[in-house]
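Coordinate-derived values only; no laboratory data. Given the structure is predicted, the values throughout are model-derived calculations rather than measurements. So basically every Cβ, Gly included, is an ideal-geometry build from the backbone, and we count neighbours across all protein chains shown.
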Amino acid sequence: MIFYPLGKYILLLKAVFRKPEKWSLYRKEIFHEMNYMGVGSLGIICIISIFLGAVTTVQTAFQLVSDLVPKSVIGGIVRDSSILELSPTISAIVLAGKIGSSVASQIGTMRVTEQIDALEIMGINSPGYLILPKIIGAITMIPLLVIISIALSIVGGYLAGTASGAVTPQSFIEGLTSDFIPFTFTVSMVKSVIFAFIITSVAAYQGFYTHGGALEVGQSSTKAVVISCIMILFADYIVAQLLL
Amino acid sequence: MIEIKNIRKSFGHRTVLKGISAEFKDGITNLVIGGSGSGKTTLLKCMVGLHEPNSGSVFYDERNFTSMNFEARTHVRTEIGMLFQGSALFDSMNVEENIMFPLNMFTELSFKEKRDRVNFCLERVNLAGNNQLLVSELSGGMKKRVGIARAIAMNPKYLFCDEPNSGLDPKTAIVIDELIQEITEEYRTTTIVVTHDMNSVMGIGENIIFLHQGTKWWEGSNKEITTTDNKELNEFVFASKFMKKLQK
């Protein structure tokens, strides 16, 4: 049951990475997608990241009941959990909802209104023209969004911690700057690239094979988000298991 | 000329096309007619490669399209123009960008040359000066005409039209029919129109193929269609009260 859609997904990806007819047109589309996905998602990523950091600080402080554990640990926990898990994974899940549903419904609508057929009749490799710019746009912009998310999450944690009195500014910064393992950042970037690929390719697959009308476009969009979220969490575990 | 040989197509257990063979000559308007579910659109999609037939072959000027690889098909497809039932215009682009799209993709023309070509195509479909309109701002008839303009932008040798009159008022439908016929004669394209509109059949049907239950049931011209004794074709042609009166 899983092999048929998996095979179709792989064949679609093979068509996506076929040599483009004209790079200049693809380049234009790539910049358009980078702007839409990157700049267009900046607002929501900023908002969720600040709150992620703030909640992590407050909850970590709540659980630190022992006087034997210094409060500076909070800074380290916020840093590491933001870099390794919260920023890449939560951002990816939010972006699966925002970008994934948009990609699936855009391509799905093009399918049911015969716009994809029109591209193919013209001799254009429609998977390449429609999906490749989205994948490239996502795998370049989502890691940048994750970097911004990490920074804002730490800022959010610092602000919440100092404002609530859970941790002093000095202790937070002390924890933040001690025992940093740079490899965690590499893991975070690997995750964000993989998540970006999952979000766009799964959504594009769902949209590309939409049949029917408006109802089916909506269903494809929902399926794209649900499957992307599951795949993101699965990939999250695999990457953590392999790299850490 | 386009030739199809023994085209068969099934979807699951349902056989839609049961071995259809036909020739479509250039410079005339070839019509494929038939009732709903007779396999007209499926045949058209098999001919342009949107559906793969289960068996049989499609030849474009003796080139076997069915056995071609992706690259070879791409070359043939640059010679094809198609008008879709719902126009299939790219709704993220305006009229000019829609018509210029195949030129951008497949030619090295300068922007001025491409714009001249766009203006020529728009003039040809009586829509000069509407370059900047968005697709959402166009009426049904205008969409069809922009669809034709986009289809002829690359000077196609083969023109396919899938129900070009659907959803149009009778007057606009005649304008579209006449436009298709004029373009066919002017550029000597091999034009295939899938329709069930009797006005089109009587107006531009120089060569008509009638499909019934997935088979080629009858072939002839619009002059012969009213005098044939083919029962199924008569039931199709004289289905409306108006045509029945005309028959009497």
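Length, then width, then depth: along the principal axes, the Cα atoms of the stretch B:32-116 run 44, 30, 19 Å. Note on the stretch B:75-204: Kirkwood radius taken over Cα pairs, Stokes-Einstein applied at 25 °C and 0.890 mPa s, translational D equal to 168 µm² s⁻¹.
What's the Kirkwood radius of chain A in Å, using all Cα pairs? Over chain A, the inverse of the mean reciprocal pair distance is 19.2 Å.
Between B:F90 and B:K245, the simple label model (points 7 Å from Cα in the Cβ direction) yields a spacing of 4.8 nm. Simple point charges give the picture: +1 on the Cβ of Lys and Arg, -1 on the Cβ of Asp and Glu, and for the stretch A:3-154 a dipole about the Cα centre of about 320 debye. Taking Cα atoms only, the orientation of helix B:111-124 departs from the longest principal axis of chain B by about 40 degrees.
In this simple spin-label approximation, B:L134 and A:K14 carry label points 7 Å from Cα along the Cα→Cβ vector, and these lie 4.0 nm apart.
Placing unit charges on each Cβ (+1 for Lys and Arg, -1 for Asp and Glu) gives the stretch B:1-132 a dipole about its Cα centre, and among B:H51, B:F11, B:S21 the Cα reaching farthest toward its positive end belongs to B:F11.
For A:L215 and B:E186, what does the FRET efficiency come to when R0 = 56 Å and r is the distance between their Cβ atoms, rounded to the nearest 0.05? Each step should come with its number before you reach the end.
Details: r = 43 Å, r/R0 = 0.76.
Rounded to the nearest 0.05, the efficiency is 0.85.
In this structure, the pairs whose alpha-carbon distance is over 22 Å, taken from A:K14/A:K98; B:K25/B:K223; B:K144/B:K244, are A:K14/A:K98; B:K144/B:K244. The charge dipole of the stretch A:22-243, taken about its Cα centre with unit charges on the Cβ of Lys, Arg, Asp and Glu (plus for the first two, minus for the last two), comes to roughly 280 debye.
Which shape class applies to the stretch B:1-77: rounded if a/c is under 1.5, otherwise prolate when a/b exceeds b/c and oblate if not, where a ≥ b ≥ c are the square roots of the Cα gyration tensor eigenvalues? Mind showing how you got there, number by number?
Details: a/c = 1.95, a/b = 1.21, b/c = 1.60.
Since a/c reaches 1.5 but b/c is at least a/b, the shape of the stretch B:1-77 is classed as oblate.
GNM remark for chain A: springs join alpha carbons under 10 Å apart, and the peak mean-square fluctuation among A:T57, A:T140, A:T162 falls on A:T162.
Largest first and in whole Å, give the semi-axes of the stretch B:92-155's equivalent ellipsoid, each being the square root of 5 times a Cα gyration tensor eigenvalue.
Values: eigenvalues 67, 26, 21 Å².
Semi-axis lengths for the stretch B:92-155 are 18, 11, 10 Å.
With a length cut of 30 Å (Cα positions projected on each helix's long axis) and a Kyte-Doolittle mean of at least -1.0, go through chain A and give me the DSSP H helices that pass. Walk me through the intermediate numbers first.
Values: long enough: A:40-63 (36 Å, 1.60); A:126-164 (54 Å, 1.61); A:183-208 (37 Å, 1.46); A:214-243 (42 Å, 1.39).
The answer, listed by residue number, is A:40-63, A:126-164, A:183-208, A:214-243.
Measure nothing but the geometry: give the 0 to 90° angle between the long axis through the Cα atoms of B:170-187 and the longest principal axis through the Cα atoms of chain B, rounded to 10°. Between helix and principal axis, roughly 80 degrees. Can you give the Kirkwood hydrodynamic radius of the stretch A:6-59 from its Cα pairs, in Å with one decimal? After inverting the mean inverse Cα-Cα distance, the result is 14.5 Å.
Spatial offset of the stretch B:76-138 relative to the stretch B:24-64 amounts to 25 Å, using the alpha carbon center of each. Under a Gaussian network description of chain A, with springs only between Cα atoms under 10 Å, the residue in A:P169, A:P127, A:P88 that fluctuates furthest is A:P169.
Considering just Cα atoms, how many Å³ per residue does the convex hull of the stretch A:23-119 enclose? Working shown, then result.
On the way: hull volume 11.0 nm³, N = 97.
Looking at the stretch A:23-119, the number lands at 114 Å³ per residue.
When the alpha carbon coordinates of the protein assembly as shown are projected onto the principal axes, the ranges are 103, 51, 42 Å, largest first. Note on the stretch A:146-207: along the principal axes its Cα atoms extend 49, 25, 14 Å, ordered by decreasing extent. Of the residues A:Q206, A:I116, A:V225, the one whose Cα sits farthest towards the positive end of the charge dipole of chain A is A:I116 (charges of +1 on Lys and Arg Cβ, -1 on Asp and Glu Cβ, taken about the Cα centre).
Using only alpha-carbon positions, what ratio does the radius of gyration of chain B give when scaled by 2.2 N^0.38 Å?
For chain B, the normalised Cα radius of gyration comes out at 1.02.
Run a plain Debye calculation on the stretch A:92-196 (Cα atoms as equal point scatterers, no solvent) and give log10 I(q)/I(0) at q = 0.16, 0.20 Å⁻¹, rounded to two decimals, same order as the q list. These q points yield log10 I(q)/I(0) values of -0.84, -1.06.
To the nearest 0.05, what FRET efficiency results for B:S21 and B:N69 with a Förster distance of 30 Å applied to their C-beta separation?
For B:S21 and B:N69, the calculated efficiency is 0.80.
The shape of the stretch B:47-90 can be summarised by an equivalent ellipsoid whose semi-axes, obtained from the alpha carbon gyration tensor, come to 20, 13, 10 Å from longest to shortest. Its DSSP H runs of at least 4 residues, each contributing -39,500 (n - 2.57), put the calculated 222 nm mean residue ellipticity of chain B at -11500 deg cm²/dmol, to the nearest 500.
Quickly estimate the mean residue ellipticity at 222 nm for chain A, helices only: each DSSP H run with n ≥ 4 gives -39500 (n - 2.57), and the total goes over all residues, rounded to 500. Provide the component values of the computation, followed by the final result.
Values: 11 runs with 187 residues, N = 244.
Calculated at 222 nm, the ellipticity per residue is -25500 deg cm²/dmol.
Which one, B:A128, B:I180, B:M202, projects farthest toward the positive side of the charge dipole computed for the stretch B:81-232 from Cβ point charges (K/R +1, D/E -1)? Of B:A128, B:I180, B:M202, it is B:A128.
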